[in-house]
Amino acid sequence: MNILFINGSPNKKGNTVKLTKQFLKNQTFQTLHLVDYKIYSYGQNFDDDQFDEVVNQMSQADMIIIGSPLYWHSMSGAVRNLIDRFYNHVDESLLKGKDFYFVFQGYAPTKQQLESGEYTMQRFAKLYGMNYKGMITQKRM
């Protein structure tokens, strides 16, 4: 199984990565750090944009895990931007049938923050035909 972890934290060795490694235990997986990619805001067109590279890697995976720290009461801007860019650009069948998880961690997330993150990811998965398997959470480690 080809597993892709998309790290939405700017910290490549932070708690989002640690929690994902705990979740995946001894499984082999690839990590894509969004901080290493230029993904511009929805509506911008620049030649060095790397959004399509990220989507291509997602399309090759059997399982996709998107991880984010809890920033300003929601997921990181990098993750939000990635999801926003899908709109009207990515064919809705491209990720169909893939298993999808969301890793969401923060110091003291409220019930409403967790529900909001899960709602967004459930809707994203449903729109693109992915099998949403759930949200993995843990307070700051």
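Only counting other Cβ atoms within 10 Å, I'd like Phe46, Phe29, Phe51 sorted with the fewest neighbours first.
Phe46, Phe29, Phe51
For the chain, what does the helix formula give at 222 nm: sum of -39500 (n - 2.57) over DSSP H segments with n ≥ 4, over the residue count, nearest 500 deg cm²/dmol?
-10500 deg cm²/dmol
Could you work out which residue, out of Asn81, Asn45, Asn11, moves most in a Gaussian network model of the chain, that is, has the largest mean-square fluctuation with Cα springs under 10 Å?
Of Asn81, Asn45, Asn11, the most mobile in the Gaussian network model is Asn45.
As a footprinting exposure proxy, order Arg85, Arg80 by other Cβ within 10 Å, with the fewest listed first.
In order of increasing Cβ crowding within 10 Å: Arg80, Arg85.
Given H placed 1.01 Å from N in the peptide plane, which residues other than close sequence neighbours of Asn131 have an amide H under 5 Å from its amide H?
Long-range HN contacts for Asn131: Gly97, Lys98, Asp99, Phe100.
Whole-Hz ³J(HN,Hα) for each residue in the stretch 26-39, computed from phi via Karplus 6.51 cos²θ - 1.76 cosθ + 1.60 with θ = phi - 60°, x for glycine and proline: what do you get?
9, 7, 7, 8, 9, 10, 10, 8, 4, 4, 8, 10, 8, 10
Once you've got the GNM for the chain with C-alpha springs shorter than 10 Å, pick whichever of Ile65, Ile83, Ile39 has the biggest mean-square fluctuation.
Ile83
When the convex hull of the C-alpha atoms of the chain is computed, what volume per residue in Å³ does it have?
Values: hull volume 14.4 nm³, N = 141.
Each residue corresponds to 102 Å³ of Cα convex hull volume.
If the elastic network links every pair of Cα atoms under 10 Å, which of Leu127, Leu95, Leu70 fluctuates the most in the Gaussian network model of the chain?
The residue with the greatest mean-square fluctuation here is Leu127.
Just tell me which lysines come within less than 25 Å, Cα to Cα, of Lys98; anything on the same chain fewer than 8 places away is out.
In chain and number order, the partners are Lys12, Lys18, Lys21, Lys25, Lys38, Lys126, Lys133.
Rounded, prolate or oblate for the stretch 65-116? Axes are the square roots of the Cα gyration tensor eigenvalues, ordered a ≥ b ≥ c, and the cut-off for rounded is a/c under 1.5.
prolate
With the dipole of the stretch 79-141 worked out from charges on the C-beta (+1 for Lys and Arg, -1 for Asp and Glu) around the Cα centre, which of Val79, Gly129, Gln105 lies farthest toward the positive end?
Checking the options against the dipole of the stretch 79-141, the answer is Gln105.
How large is the dipole of the chain about the Cα centre if only Lys and Arg carry +1 and Asp and Glu carry -1, each at its Cβ, rounded to the nearest 20 debye?
Working: 16 positive and 13 negative charges, 172 e Å.
The calculation lands at about 820 debye.
Which of the three applies to the stretch 1-70, rounded, prolate or oblate, going by the alpha-carbon gyration tensor with a ≥ b ≥ c and a/c under 1.5 meaning rounded? Can you show the working numbers first?
On the way: a/c = 2.84, a/b = 1.53, b/c = 1.86.
Note, shape of the stretch 1-70 comes out oblate.
Taking Cα pairs under 8 Å and at least six residues apart, what relative contact order does the stretch 7-141 come out at, in percent?
On the way: 194 pairs, mean separation 36.3, N = 135.
With pairs under 8 Å counted, the relative contact order is 27 percent.
Computed from the coordinates by the stated procedures, all read-outs in this text should not be read as laboratory data. None of these values were measured; they are calculated from a predicted model. As a convention, Cβ positions derive from the backbone with ideal geometry for all residues, glycine included, and neighbour counts pool all protein chains shown.
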